[in-house]
Amino acid sequence: MPVPRSPRHVQLVAAVAIAMLACTAYAESSSPRGQWIGNTQVDGERSSDKTTLQLGASDTENTTLLIDTGRTCKLRDGSYSAQGEDAWVLRFKPNNGDSVCERLSQGEFTLRNVGPRKLSVEVRYPDGKGGQLQRSGVLARYP
C-alpha cells in the first residue's frame, strides 16, 4: 500500500531533484573532460569530416584529436585551459605527420559549451599558402 505523501514532502523531493540536476549540468559545463564525437568542416567546403576528441584533465598533455578526411589526422599530447566559464583553449604539440595534420597542430582551438552534452569546436590554422583556414563543428559527448 502506498505511503501517503504530504504536499510539503513532495515539494522537498522536487527541490532536491532540481538541485541535483543543476549540479550535474554545472559539472558537465565546467569541465569538458571525456570523449566527444561529431563532424567538423573547413569553411567554404561542402563535405564534413568525422571528428573525435578525447579530452583528459585540463592543463595536462593528454588530449587526442582524430579527424577522418579520407586519411586520418591524429593529434596527440594536447592540453587545454579554461577561457571563462564555458570556454576552453586547446593546443597541440607540433605534429610531424602529413602537411595538413602538421598545419592543424599549429592552430589554436576554441571549445565552447553550446548545450547539454554539446561542445562547439573552432580552429584557425595555416593553409600552407600564407593564409588561414577555419574548421568548425559541433561534437556530442559520448557515451
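Every number here is computed from the coordinates shown, using simple stated rules; none is lab data. None of these values were measured; they are calculated from a predicted model. Heads up, the Cβs are rebuilt from the backbone with ideal geometry, glycines too, and the neighbour counts pull from every protein chain shown.
Listed values, structure above:
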{"item": "Ranked packing of 93-100, 114-121, most packed first, by mean Cβ within 10 Å", "result": "114-121, 93-100"}
{"item": "For region 32-142, the Rg and Dmax computed from alpha carbons only, in angstrom", "result": "12.9, 38"}
{"item": "Net lengthening on full extension, Ser48/Gln35 (0.36 nm per residue, minus Cα-Cα)", "result": "2.8 nm"}
{"item": "Zone of Arg71's modelled label, taken as backbone nitrogen in region 89-126 under 19 Å from a point 7 Å along Cα→Cβ", "result": "94-107, 125-126"}
{"item": "Set of lysines near Lys129 by C-alpha distance (under 29 Å), chain-local residues within fewer than 8 positions excluded", "result": "Lys50, Lys74, Lys93"}
{"item": "Simple label model, 7 Å out from Cα along Cβ direction - Asp86 to Ala140, nm", "result": "1.9"}
